[in-house]
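What follows draws every value from the coordinates through simple rules; no lab data is involved. Just so you know, these numbers come straight off a predicted model, no measurement behind them. Using ideal geometry, Cβ is built from the backbone for each residue, glycine included, and neighbour counts are taken over all protein chains shown.
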Amino acid sequence: MKHTLPVLTLTALAAAASAQVAPAAKQSLSYNRVVASWVNQSTSELSGMSIFAQAKIGGGLYVAAQTVDLEDGFLDDTSAVLGFAYSLPNVLGVATDLNLEVGYKTLGAGFRSLIGGGLEVGLSYTHSTGDAGLVGPGVLVGSPYLGADTLTLSASYSLGFMVKGLSLNASYSSESNYNYRPGFDTTSVGVGYNF
């Protein structure tokens, strides 16, 4: 009887401590998002706006579409792709997906990784054989010129601590063309919403 109070106290402390050390929720990448960006092509000195939307349609499949308007209609483009995301095992709380995308005259591959603290990074490669679209915020969308390869590095930072679903997005793309035209270096900065 004289040990009942210390045993109950230790049991209560152990229960409280184990409740505070609950496993963290598994992180995952959002494929339901909309991003509005300012786009600048440094090689051609063109700039304008881009709207990108992506939605998961089931399993690992998703669709993505983008429209770009550079210099008030001088260079407009719209593109769409069908993609498949394969999620790698979540190691140390890092969510990583491999992506394959197919669109009109374009094929792409890449990865996205949510490395923690709301920071997401991505790297993608796209091969285009025709008028297939412009590069966007970390999206595997093709090039506006015949026979182009595009490498895109992207980053996104979630502002969920301020407004749920809001993110800041940035990307840099380098493109090489095969039709005797110079390639383009494209940067974009935007605001996104994950739904």
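Relative to the present Cα-Cα distance, how much length would full extension add between Ala80 and Asp149 at 0.36 nm per residue of separation?
23.1 nm
Highest first, please rank the peptides 39-48, 76-85 by the mean number of other Cβ atoms sitting within 10 Å of their residues.
76-85, 39-48
With each label point set 7 Å from Cα along the Cα-Cβ vector, what nm distance links Ala36 and Ala55?
1.9
Mind ordering 90-96, 148-154 by average Cβ neighbours within 10 Å, highest first?
Per-residue Cβ counts within 10 Å, averaged per peptide and sorted highest first, yield 148-154, 90-96.
So what's the net charge close to Phe84: Lys and Arg +1, Asp and Glu -1, counting the other residues with Cβ under 10 Å from its Cβ?
Result for the neighbourhood of Phe84: -2.
Arrange Tyr193, Tyr62 by Cβ neighbour counts within 10 Å, fewest through most, would you?
Tyr193, Tyr62
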